[in-house]
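A short write-up of the structure that comes next.
The values are calculated or read from the model by the stated rules, or taken from the named source; none is laboratory data. These figures come from a predicted structure and were not determined experimentally. FYI the Cβ positions are ideal-geometry reconstructions off the backbone, even for glycines, and counts take in every protein chain you see. Note: accessible area is taken over every heavy atom of the protein model, side chains too, but ligands, DNA and RNA are not part of it. Shrake-Rupley method; radii C 1.70, N 1.55, O 1.52, S 1.80 Å.
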Amino acid sequence: MPKTFPDNSVGLVVPQLMQFSEPLMLACGRELNNYQLAYETYGQLNANRSNAVLICHALSSNHHAAGYHEGDEKPGWWDACIGPGKPIDTQRFFVVCANNIGGCHGSTGPSSINPATGKPWGPDFPPLRARDWVHAQARLGDKLGIHQWAAIVGGSLGGMQAMRWSLEYPEKLRHCVVIASAMKLTAQNIAFNEIARNAIRSDPDFHQGNYAEYNTIPKRGLTLARMIGHVTYLSDDLMGRKFGRELRSGNFQQGSYNPVEFEVESYLHYQGDKFSEVFDANTYILITRILDYFDLAREYDDDPVKAFSQALCQFLVISFTTDWRFAPERSREITDALIAAGKDVCYAEIDAPQGHDAFLLPIERYLSLFAAYMQRVADEVSI
Amino acid sequence: MNDTLRIDLSIIQNWITEKSRVLDLGCGDGTLLRLLMDNKKVLGYGLEIDADEITQCIRKGVNVVEQDLNTGLSNFKDNSFDTVIMTQALQIMHRPDLVLDEMLRVGKECIVTFPNFANWHARLYLILRGRMPVTKQLTYQWYDTPNIHFCTVKDFEVLCHEKNIYIMDRKVVAQRFPDHLLKDLAPNSFAETAIYHLSKNH
């Protein structure tokens, strides 16, 4: 942990837990009883409770979006965008971010104990859809006394939740910010997810998801899944710039006896290893399935215009030029559907070499445009 | 320039129906759309590619979409807007004729404004100096100007005729003496800015 926090950091944060005893009816038809959500909040809720912003997290992140936990070297996953003077300005907004159900960082998920068996849920945890997350988040909002969110914001899978919110609870949000997202995944995208899942399943330590009973974790599978993910989150160009063809050891004539030869390999191993120590394999499989099945307009006759006609909020849609996992074209489809539905929308395509990861990074134009939008939101809801 | 702009904006405003759907191509900092939102309660969208202008639109609460007009408007359906507007940008397009086709496909009506290159100041500049005109209105040098397809009031009307585009109305703007007195008598020579209200011919 840094000795002093930067001025534009929310500083030391302590995660909280909220218990829910009323069963949550899931999209799959099953019920989840007695679940809990881990969440964090930054900033102060104003007197008329109008300045709350909900952050929806993506595949591998969690409720720790900003600031530092006791003992941490690095801040939360979206510290670039949340804090005093940052786009989601905690001097003006009350920011809430919850670990979704099915997660593995404190909220009820596959690694939690199934009350019916007294053992971890493991692979038996009910399959989830993004709308289940949205309903759980809505209940958290109710408990926190938030009747309407000033904005619901998310990148990637988080953007999918934000869009779902706009259809499920139209009157409960004023603004919806959808970053590097899509109304549904492409076949190529599902294919990458399946390769990642297969990597996990083929790990002998996976035991069909019951690894907890064997006191082990499918570390190799998770590492491989994350490595595949990382390749797709970056652009070819950025990987070239960042790692080039630099060798970590040995030489070009003879190669190296070291298993890690190129710099890019070292990076992937590091990312994969780190991830496999903090993430649950069943959660990874569960959440990639949520991504695959997400289809915003399916129940609206596959018509995105009809879907978005439900929405009452205003939208900001952002994409990044080199993001090939959630390509700008997907964001343009969202924007076009919103315009055709007569909704207020702003769309920007940020020129950035970082690929899908760009949405997490402090890119100048991205931050200033995002900040401009959020300032307007803040002006609108402040008394 | 500023005064001319005000006049052309107010002319445009008069041609816009209350609560209609408006698409502004090359909307800049969103001044026109903000005006139309405030005074005509329109549902407006602007297309723009300049990063700073886009942020300005967002600050104003104007719907702005980052889109290069030279790639067309194929993402918009036929007649999906009541009015499609393009102010002072036709001369920047790679193919102004195709842009006009697209505007008239997407919009039931169109409004187009452009600098009149046949204004006598420009003519005199070219004749006397033998160099591409650099005037108060057209401040660029030939090599750095974004204006790659200049036209005159006459040129534009010939194109409309050839394309069977109906000119619902035309207004010309000039602020200098004597242009402002003569602009309506001889628009091709004295108009600084031409403003057209167009629709498909039925």
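Name the chymotrypsin sites (Phe, Trp or Tyr not before Pro) in the range A:206-281 that are in a loop by DSSP and that have at most 11 other C-beta atoms within 10 Å, would you?
Those satisfying the criteria are A:F252, A:Y257.
Give me Rg/Rg_expected for chain A, where Rg uses Cα atoms only and Rg_expected = 2.2 N^0.38 Å with N residues.
My calculation over the Cα atoms of chain A gives 0.98.
With N set to the number of residues, divide the alpha-carbon radius of gyration of the range A:177-223 by 2.2 N^0.38 Å and report two decimals. Before the final figure, lay out the partial values.
Details: Rg = 14.5 Å, N = 47, 2.2 N^0.38 = 9.5 Å.
Rounded to two decimals, the normalised Rg is 1.52.
Once you've got the GNM for chain B with C-alpha springs shorter than 10 Å, pick whichever of B:E162, B:E66, B:E192 has the biggest mean-square fluctuation.
In the Gaussian network model the winner is B:E162.
Looking only at GluC sites (Glu not before Pro) in DSSP loops with at most 14 other Cβ atoms within 10 Å, what is the longest site-free stretch of chain A? Walk me through the numbers on the way to the answer.
Details: sites that count: A:E70, A:E73, A:E246.
Free of exposed loop sites, the longest segment is A:74-245.
Averaged over every viewing direction, what's the projected area of the C-alpha convex hull for the range B:54-170? Give it in nm², one decimal, please.
8.9
Kindly sort B:K136, A:K343 by accessible area of their heavy atoms, largest first, with the probe set to 1.4 Å.
B:K136, A:K343
Take the solvent-accessible surface of the protein heavy atoms, probe 1.4 Å, and return the percent of it on the protein assembly as shown that carbon and sulfur atoms account for.
51
Which translational diffusion coefficient, to the nearest whole µm²/s, is obtained for the range A:43-123 from the Stokes-Einstein equation, given a Kirkwood hydrodynamic radius over C-alpha pairs, 25 °C and 0.890 mPa s? Walk me through the numbers on the way to the answer.
Values: Rh = 14.3 Å.
This corresponds to a translational diffusion coefficient of 171 µm²/s.
Given an 8 Å cut-off on Cα distances and at least 6 residues of separation, report the relative contact order of chain A as a percent. Please list the in-between numbers first.
Details: 783 pairs, mean separation 66.2, N = 383.
In percent, rounded to a whole number, it is 17.
As a test of reading the structure, rank A:V278, A:V153 by solvent-accessible area (1.4 Å probe, protein chains only), most first. Provide the component values of the computation, followed by the final result.
Numbers: A:V278 85, A:V153 0 Å².
Result, largest first: A:V278, A:V153.
Using the Kirkwood formula on the Cα atoms of the range A:3-49, what hydrodynamic radius do you get, in angstrom to one decimal? Could the numbers behind the result be given before it?
Working: mean 1/r = 0.0711 Å⁻¹.
About 14.1 Å, per the Kirkwood formula over Cα pairs.
Can you grab the distance from the C-alpha centre of the range B:70-141 to the C-alpha centre of the range A:53-102, Å, no decimals?
46
Sort the range A:284-332 into rounded, prolate or oblate with this rule: let a ≥ b ≥ c be the square roots of the eigenvalues of the Cα gyration tensor; rounded if a/c is under 1.5, and if a/c is not under 1.5, prolate when a/b is larger than b/c, oblate otherwise.
On the way: a/c = 2.03, a/b = 1.14, b/c = 1.78.
Because a/c hits 1.5 or more and a/b fails to exceed b/c, the range A:284-332 counts as oblate.
Specify the angular offset, from 0 to 90 degrees and rounded to the nearest 10, of the alpha carbon long axis of helix B:120-129 from the longest principal axis of the alpha carbons in chain B.
50
Just the number please: accessible area per residue for the range B:104-202, 1.4 Å probe, all protein chains included, in Å².
56
So what is log10(I(q)/I(0)) for the range B:102-145 at q = 0.19, 0.20, 0.22, 0.34 1/Å, when the Debye sum runs over its Cα atoms only?
Here the Debye-derived log intensity ratios amount to -0.64, -0.67, -0.73, -1.25.
Once the other residues with Cβ under 11 Å from the Cβ of A:A182 are scored (Lys, Arg +1; Asp, Glu -1), what is the net sum?
Details: positive: A:K184, A:R325, A:R330, A:R332; negative: A:D295, A:D323, A:E329, A:E333.
Counting the neighbours of A:A182, the net charge comes to 0.
State in Å² the accessible area per residue of the range A:5-79; use a 1.4 Å probe, count heavy atoms of protein chains only, and round to the nearest integer.
Each residue of the range A:5-79 exposes 46 Å² on average to a 1.4 Å probe.
Pull out a ≥ b ≥ c, the square roots of the eigenvalues of the alpha-carbon gyration tensor of the range A:229-284, then state rounded if a/c is under 1.5, prolate if not and a/b is larger than b/c, and oblate in the remaining case.
Oblate is the answer for the range A:229-284, as a/c is 1.5 or above yet b/c matches or exceeds a/b.
In the protein assembly as shown, if the dipole is taken from +1 on Lys/Arg beta carbons and -1 on Asp/Glu beta carbons about the Cα centre, which of A:Y366, B:I92, A:Y300 is farthest to the positive end?
Positive-most Cα among the choices belongs to B:I92.
Suppose we keep just the DSSP beta bridges with both residues in chain A; what percent of those would be antiparallel, to 5?
35
Output needed for the range B:53-103: three equivalent-ellipsoid semi-axes, defined as square roots of 5 times the C-alpha gyration tensor eigenvalues, in descending order, whole Å.
Output for the range B:53-103: semi-axes of 20, 14, 10 Å.
How shielded is A:340-347 by partner chains, expressed as the average number of their Cβ atoms within 10 Å of its Cβ atoms?
Per residue, the average neighbour count from other chains is 5.
Given a cut-off of 13 Å, what percent of all Cα-Cα pairs of the range B:71-132 lie beyond it? Write out the running numbers ahead of the final one.
Numbers: 1263 of 1891 pairs.
Tail of P(r) above 13 Å: 67 percent of Cα pairs.
For Cα pairs less than 8 Å apart in space and 6+ apart in sequence, what is the mean separation divided by the residue count of chain B, i.e. the relative contact order in percent?
Relative contact order for chain B comes out at 19 percent.
Pop a pseudo-label 7 angstrom from the Cα along the beta-carbon direction at both A:E299 and A:A191 and give the gap in nm to one decimal.
Each label point is offset 7 Å from its Cα along the Cβ direction, giving 3.1 nm.
Tilt of helix B:31-40 relative to the longest C-alpha principal axis of chain B, in degrees (0 to 90, nearest 10)?
With rounding to tens, the tilt is 60 degrees.
Report A:R201's accessible area, 1.4 Å probe, all protein chains in place, as a number in Å² to the nearest 10.
Estimated to the nearest 10 Å², A:R201 gives 90 Å².
Sort the range B:1-115 into rounded, prolate or oblate with this rule: let a ≥ b ≥ c be the square roots of the eigenvalues of the Cα gyration tensor; rounded if a/c is under 1.5, and if a/c is not under 1.5, prolate when a/b is larger than b/c, oblate otherwise.
Judged from the Cα gyration tensor, the range B:1-115 comes out rounded (a/c under 1.5).
Which whole number gives the average, over all residues in A:323-332, of C-beta atoms from other chains lying within 10 Å of the residue C-beta?
1
Mind checking the dipole of chain A: about its Cα centre, +1 per Lys or Arg Cβ, -1 per Asp or Glu Cβ, Debye to the nearest 20?
With only Lys, Arg, Asp and Glu charged at Cβ, the dipole is about 360 debye.
Just to be sure I understand the interface: list residues from the range B:51-73 that lose 40 Å² or more of accessible area between the chain on its own and the complete protein assembly, 1.4 Å probe.
Buried on complex formation: B:T55, B:I58, B:R59, B:N63, B:V65, B:E66.
Can you tell which of A:A38, A:Q253, A:A66 lies farthest toward the positive end of the dipole of chain A, using +1 and -1 charges on the Cβ of basic and acidic side chains (Lys, Arg; Asp, Glu)?
It is A:A38.
Run the helix sum for chain A: -39,500 (n - 2.57) per DSSP H stretch of 4+ residues, divided by residue count, reported at 222 nm to the nearest 500 deg cm²/dmol.
Calculated at 222 nm, the ellipticity per residue is -10500 deg cm²/dmol.
Could you tell me the accessible area of A:D302 in Å² (1.4 Å probe, neighbours in place), rounded to the nearest ten?
Surface open to solvent at A:D302 totals about 100 Å².
Quick one: buried accessible area between A and B, total over both chains, 1.4 angstrom probe, nearest 100 Å²? Don't skip to the end; give the middle numbers.
Numbers: alone 16580 and 10550 Å², together 25580 Å².
Adding both sides of the contact gives about 1500 Å².
For the range A:91-182, just the Cα atoms, rotate onto the principal axes and tell me the three extents in Å, largest first.
The principal-axis extents, from largest down, are 43, 30, 24 Å.
In Å, what Rg and Dmax follow from the Cα atoms of the range B:119-202?
Gyration radius and largest Cα-Cα distance of the range B:119-202: 14.3, 46 Å.
Over 5 Å intervals from 0, what percent of Cα-Cα pairs in the range A:178-297 sits in each interval?
All Cα pairs considered, the percentages come to 2, 11, 16, 18, 17, 15, 11, 6, 3, 1, 0, 0.
Could you compute how fast chain B diffuses translationally, taking Rh as the Kirkwood radius over C-alpha pairs and applying Stokes-Einstein at 10 °C with viscosity 1.306 mPa s? Give it in µm² per second.
92
To the nearest 0.05, what FRET efficiency results for A:K242 and A:E73 with a Förster distance of 22 Å applied to their C-beta separation? Each step should come with its number before you reach the end.
On the way: r = 21 Å, r/R0 = 0.94.
Taking R0 as 22 Å, the efficiency between A:K242 and A:E73 is 0.60.
At 1.4 Å probe size, put A:D336, B:D68 in order of accessible surface, largest to smallest.
Ranked list, largest accessible area first: B:D68, A:D336.
What is the range B:49-152's relative contact order, in percent, from Cα pairs under 8 angstrom and six or more apart in sequence?
26
Using Cα centres only, tell me the gap between the range A:299-377 and the range A:142-216 in whole Å.
Spelled out, the Cα-based centre of one part sits 17 Å from the other.
If you roll a 1.4 Å probe over the heavy atoms of the protein chains, what accessible area per residue do you get for the range A:169-260, in Å²?
For the range A:169-260, the solvent-accessible area averages 54 Å² per residue.
To the nearest 10 Å², what's A:I113's accessible area with a 1.4 Å probe?
100
Take the Cα gyration tensor of the range A:1-95, multiply each eigenvalue by 5, square-root it, and list the three semi-axes largest first, rounded to whole angstrom.
On the way: eigenvalues 153, 56, 29 Å².
Here the semi-axes work out to 28, 17, 12 Å.
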